[in-house]
Amino acid sequence: MADERTFIAVKPDGVQRGLIGEVIKRFEQRGFKLVGMKFLVPTEDLAKQHYGDLKDLPFFAGLCKYTASGPVAAMVWEGLNIVKMGRMMLGETNPADSKPGSIRGDFCIQVGRNIIHGSDSTDNAKKEIGLWFKPEELVSYKSCQDAWLYE
Ligand code: IDP
Ligand code: MG
């Protein structure tokens with residue numbers, strides 16, 4: 001159970017605004033474990049695959065352009081219930097609906113520039129991790145904190 005994984009990406013606006021460290025800090029301090037990380041400019045093709053479920057929506061083209069517009073910090077984090085808890089840490093899709101204390105509620109204003117992605121289900125987490133990472137790019141290791149995080 002504590003080996004659930006989620007895909008988290010600081011999008012180009014979050015990178016440009018200097019928020020990679022802030023995002024990493026929040027996941028680290030909560031107790032989650034980093035198991036994969038890369039820094040890349042995604043191709044528009046990767047962006048289209050990543051957001052494939054939204055392809056019929058009017059903002060799809062703009063969304064893919066924005067996602068591929070600059071470097072992204074792509075990460076895989078691990079921990080108990082991390083998909084659900086990660087989404088809570090992100091806040092709502094629209095920053096205007098996100099509570100202060102959440103990442104989107106603390107650092108952004110508009111839905112089209114909401115700085116971060118997080119998987120919304122364990123199935124989608126698996127798909128997204130597979131899309132952005134090769135299996136050998138993920139690192140399995142024992143965290144010395146585990147005994148103090150989990151009973
Ligand atoms: P999520 O990122 O919270 O999972 P989704 O509904 O999956 O939200 O949408 C994916 C991304 O598409 C959002 O994070 C946001 O960047 C963008 N997006 C969603 N709705 C709109 C919109 O109405 N206008 C512009 N961009 C949007
Ligand atoms: Mg989504």
Comparing Gly118, Gly62, Gly36 in a Gaussian network model of the chain (Cα, 10 Å), the one with the largest mean-square fluctuation is Gly62
So, relative contact order of the chain in percent, Cα under 8 Å, 6 or more apart, is 35
To the nearest Å², the heavy-atom accessible area per residue of the range 2-85 with 1.4 Å probe amounts to 49
Taking the chain and counting helices only, DSSP H stretches of n ≥ 4 at -39,500 (n - 2.57) each over all residues, the nearest-500 ellipticity at 222 nm comes to -10500 deg cm²/dmol
In this structure, among Lys33/Lys134; Lys38/Lys99; Lys33/Lys84; Lys55/Lys127; Lys25/Lys65, pairs with alpha-carbon gaps over 26 Å are Lys38/Lys99; Lys25/Lys65
Rounded to the nearest 10 Å², the 1.4 Å probe accessible area of Tyr51 is 20
For the range 81-148, averaging the sequence separation of alpha carbon pairs under 8 Å that lie six or more residues apart and dividing by its residue count, the contact order in percent is 25
Among trypsin sites (Lys or Arg not before Pro) in the range 115-151, those in a DSSP loop whose Cβ has at most 12 other Cβ atoms within 10 Å are Lys142
Two pseudo-spin positions, 7 Å from Cα along C-beta at Phe59 and at Lys25, lie apart in nanometres by 2.7
Given unit charges at Cβ for Lys, Arg (+) and Asp, Glu (-), the dipole magnitude of the chain about its Cα centre in debye, nearest 20, is 280
So the carbon and sulfur contribution to the accessible area of the range 39-126, 1.4 Å probe, in percent, is 55
Protection proxy (average C-beta count within 10 Å per residue), highest first, orders 44-50, 67-73 as 67-73, 44-50
Across 10 Å bins beginning at 0, the whole-percent shares of Cα-Cα pair distances in the chain come to 11, 42, 37, 9, 1
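The values are calculated or read from the model by the stated rules, or taken from the named source; none is laboratory data. Owing to the predicted nature of the structure, the values given are computational and were not obtained by experimental measurement. Note: ideal-geometry Cβ built from the backbone for every residue, glycine included; neighbour counts use all protein chains shown. Just the protein is used for accessible areas: all its heavy atoms, side chains included, with ligands, DNA and RNA removed. Shrake-Rupley method; radii C 1.70, N 1.55, O 1.52, S 1.80 Å.
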